[in-house]
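Mind looking over this structure? Questions follow.
Read-outs: derived from the displayed coordinates by stated rules, not from any lab. In this text, all values refer to a predicted model and were calculated from it rather than measured experimentally. Methodologically, a virtual Cβ is constructed for each residue, glycine included, from the backbone with ideal geometry; neighbour enumeration extends over all protein chains shown.
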Amino acid sequence: MHSSRPRSFSRRRFVGSLLAGGAGAAVLRAGAAPTADPAAAASADWVGAARAQIPALSNCLYFQSGGYGPSPRRVMNAVKAALDLQNEAPADPKINAQITDLENDCRNRIAHLTGADPAEVTLTSNTTTGLNIVLWSIDWRPGDEILIGDEEHPAMLMPVYNLERRFGVRRRVVPVGDPTRVVAEVLSRLTPTTRLVALSHVSRGSGRTVPGRELAAALRARNFRLLLDGAQGPGNVRVNFHEIGCDYYSLCGHKWLLGPKGTGALLTRRDALEATPVSWTGSRAQATFDEVGNFTWLPDSRRYEFATRNSAGFAGLADSLAWLEGLGWDRIHARIVELAGFATQAVQASKHLTMTSPTAADARNGIVVLRLPAACKAAAAYETLHQENRMLLSPVTHPQDIRLSVHFFNLPQEIAAVVDRLDRYAAAAVAKA
Ligand SMILES: Cc1ncc(COP(=O)(O)O)c(C=O)c1O
């Protein structure tokens, strides 16, 4: 059987039997209410017990939680249970009320996880929707400026490029490579026409975290607003919305939180709500309404939600949040940092690979990015490892950078095997060049 405890890296260590223990997922009661999983939480081998519930882990070495998190089977069951409930009679007001309760349970759990108030949570389909809610809340005029980071995902870039094209907004780019300089770099670019600062909280391409708290305080003192893209945040790193103090934080349920694909949330500070007008809207966003043009918005962040939605997805996200909380966030975060440290040592012990992401214990997280030699292309390495070794990683922005998203369920043996494989891949490319 595998050991689930990271030990310090040794190149001589045996890395076989990698998938042992991944199969035979225990199927939990269909439609389980979103409670913790006491058996997995109490098990001495809590990682092994949790792994047994995630089907994807018996198919491959899964290092892509920063792209798509692999859900435990009970999340799939919770989605199905919600769909079954809804389809007993979708138009029945009693059923509808139960479905709304499921959504609100998800809202409450997101608030609990992030230290937000439930009234500050808008349920969305993904991180990008939350970014767009904020980006389109501004009445942009030609020449208005937005500050973004130089490591943004297309989820931020595309809407910002669109604003440039549609309204003549000016995009100014802030280097975020040195976290100790980010606040100064942002402040030095603020002008009277700056309308918003929008940055990734944790960079998907380098694993670096911006100093959200210091930045939010500096911007608040100057009356500028801050939007953080938290796609790589909750589930990977601890996030407390009020402690950070930013105005907006957009997150998703389908990466590190292991929820159904197409779930997310935007957090909007209560005191930013009235200054953040609604753009797209429809029924269910209003508190009052008549046929001749009068209406009032819901008094909280639900005003950005509208129409009929995939409520079963939110039931699934509530379930994965309950499961993860039951396993213990402290344990999960400690293990992610420990495994990232193990990966760091493995890369540092390799001949051909170097680290891009932070290596210090207080700066690293589940996004481990390493650089291949110039003779390699990360996209080709990704293909080869996927096709030949069933290893799922992700090429990121720099052509030689490849990312391992290391979640709590990953094993040191898996990490050792992936790093070893990448090193051999690099050696072969260097020999050929
Ligand atoms: C930093 C960042 N922002 C946004 C996204 C897009 O996330 P979503 O599909 O939830 O909109 C990603 C996806 O990888 C990301 O890494």
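Can you give the charge dipole size of the stretch 197-347 about its Cα centre, rounded to the nearest 20 debye, using +1 on the beta carbon of Lys and Arg and -1 on the beta carbon of Asp and Glu?
So the dipole magnitude of the stretch 197-347 works out to roughly 380 debye.
Right, here's the next one. Can you sort LEU251, LEU226, LEU317 so the residue with the fewest Cβ neighbours within 10 Å comes first?
So the ranking, lowest neighbour count to highest, is LEU226, LEU251, LEU317.
Right, here's the next one. What stretch of the chain, leaving out the sites themselves, is the longest with no GluC sites (Glu not before Pro) in a DSSP loop having at most 14 other Cβ atoms within 10 Å?
Answer from the scan: 89-273.
Expressed in nm to one decimal, what extension gain is obtained for the pair SER58 and ARG166 from 0.36 nm per residue of sequence separation less their Cα-Cα distance?
Extra length available between SER58 and ARG166 comes to 34.2 nm.
Can you pick out the pairs among LYS377/LYS432; LYS351/LYS432; LYS255/LYS351 whose Cα atoms lie more than 20 Å from each other?
LYS255/LYS351
Full extension from HIS398 to ALA44: what is 0.36 nm times the residue separation minus their Cα-Cα distance, to one decimal in nm?
Working it through step by step, the gained length comes to 123.4 nm.
Using only DSSP helix segments of four residues or longer, with each worth -39500 (n - 2.57), what per-residue ellipticity at 222 nm results for the chain after dividing by its residue count and rounding to 500? Mind dumping the intermediate values first?
Numbers: 13 runs with 161 residues, N = 433.
Taken over the chain, the calculation gives -11500 deg cm²/dmol.
Using +1 on the beta carbon of Lys and Arg, -1 on that of Asp and Glu, and nothing else charged, what's the dipole of the stretch 65-199 about the Cα centre, debye to 20? Walk me through the intermediate numbers first.
On the way: 15 positive and 17 negative charges, 62 e Å.
Computed about the Cα centre, the dipole is about 300 debye.
Moving on to the next point. Suppose every K and R has +1 on its Cβ and every D and E has -1 on its Cβ; what is the size of the dipole of the chain about the Cα centre, in Debye to the nearest 20?
Taking the Cα centre of the chain as origin, the dipole is about 1400 debye.
Given q = 0.14 Å⁻¹, what are the Debye log10 I(q)/I(0) values for the chain, with equal point scatterers placed on the Cα positions and solvent ignored?
-1.30
Next question. Give the whole-number value, in cubic angstrom per residue, of the convex hull volume spanned by the C-alpha atoms of the stretch 81-323. Write out the running numbers ahead of the final one.
Details: hull volume 30.6 nm³, N = 243.
In the stretch 81-323, the Cα hull volume divided by residue count equals 126 Å³.
Using the count of nearby Cβ atoms within 10 Å as a rough guide to exposure, how do VAL430, VAL337 rank from fewest to most? Working shown, then result.
On the way: VAL430 15, VAL337 19.
Going from least to most buried by this count: VAL430, VAL337.
Okay, moving on. With unit charges on the beta carbon (Lys/Arg positive, Asp/Glu negative), name the residue among THR296, GLN345, VAL79 whose Cα is farthest towards the positive pole of the charge dipole of the chain.
The listed residue farthest towards the positive side: GLN345.
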